Amino acid sequence: MKKSLVIFANSRAGLLTSCIESVLNSHGAEYWEKVLVLQTGYPDVEKIVARYEKHFDLVVRVKKYHEITLGNINQNRILGTSICFDLLNSDVVLGIEEDTLIAFDALHFVNEMCEKYESCKAFRGVNLGSFESNTEVNRSTYSLLRYGLHGQAGALTKNTWKHFSLSFLLQDMCTMGWDSKIDSYLKTGFLATPNASRLLDQGWGGTHQSTDPNSPYFANQRSSWVGTMPIPIRKFQNKNIIHTWRKDARIYKSNESFIYWAKHNRYLYGGFQSIRKRLKKNRVAYRIMRYFNNKLNKE
């Protein structure tokens, strides 16, 4: 299994340094190809990249193309991910934002999950974040969740990436996050997620997060974070628990997959609603349809 990680660098030199150090010190980092995508225009960031460039297999420098920050973020994410999958022919790609730390055993966790579930058709990738308490049990367990990709640090498999065309991903780059566009497909399967966080987002004041480092988003992550210091490398056990990262993070149950496939396919979902209206006169059939419709609308 060929593994790549890609760091996306923009304007935060100090945070980028911490991010790179956490990656290089993560257990098993030497077995991962490393790519850095750098948006040019920030001399202090260029100095950091020059210092660490020898540790990367590839450094890609890109100019600012869009006036809207979201457009540049999306472009760089898609470019870096495509390079890893389509040029380096990786089987799994972990994307990491410059303001994020990964834990000492984060790469080990991704590797173990991919080896365990690579033959499972419902496996979409691996997320590294959690809001759940950093207890002894949570540190050694993980959940299988229907959820989207953690943009701060999340991995996709090649099979997941092949589901999307570049033309689709490159549409509407300035109006919505690229990870939002793949969200509904990811939820047709599951992402393995540690019950204690293997990422720490330090990006308060960034494009998408609160400026308050003590906001619930950041505080909950810190309470779950296992840290960058060396810890025992262990074999993780599956222990599904409810995650509070967001209310649509649901424990994976294979018998619910048709619901998510229906939501992913807007034509199928539209047909479902049309049938519902026609069956409204049949009370028994209508109650059955209403039950499934309610499950769809709660997700």
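Between Leu166, Leu94, Leu156, the GNM of the chain built on Cα springs shorter than 10 angstrom shows Leu166 fluctuating the most.
Computed over neighbours whose Cβ is under 9 Å from that of Thr188, the net charge equals +4, Lys and Arg +1, Asp and Glu -1.
Within 10 Å, count the other beta carbons around each residue, average over each peptide in 177-188, 113-124, 1-12, and list them highest first.
Numbers: 177-188: 19.0, 113-124: 16.2, 1-12: 21.9.
For the peptides 177-188, 113-124, 1-12, the packing ranking is 1-12, 177-188, 113-124.
By definition, a body whose alpha carbon gyration tensor gives a ≥ b ≥ c is oblate when a/c is 1.5 or more and a/b is not larger than b/c, and the stretch 93-222 fits this oblate description. Available extension along the chain between Lys235 and Lys64 is 57.3 nm, counting 0.36 nm per residue and deducting the alpha carbon span. Shape class of the chain from the alpha-carbon gyration tensor: prolate, with a/c at 1.5 or above and a/b greater than b/c. Where only DSSP H runs of four or more residues are counted, the chain gives -11000 deg cm²/dmol as its mean residue ellipticity at 222 nm, each run worth -39500 (n - 2.57). Converting phi to 3J(HN,Hα) with the Karplus coefficients 6.51, -1.76 and 1.60 and the offset θ = phi - 60°, the stretch 31-40 yields 8, 10, 6, 10, 10, 10, 9, 10, 7, 6 Hz in sequence order, with x at every glycine or proline.
Return a whole-number percent for the relative contact order of the chain, with Cα pairs under 8 Å and 6 or more residues apart as the contact set.
On the way: 546 pairs, mean separation 60.9, N = 299.
The normalised contact order for the chain reaches 20 percent.
Read-outs throughout are calculated quantities, based only on the coordinates presented, and are distinct from any laboratory measurement. All figures in this text were calculated on a predicted structure; none of them were measured in a lab. For neighbour counting, all protein chains shown are included, and Cβ atoms are generated from backbone atoms with ideal geometry for every residue, glycine included.
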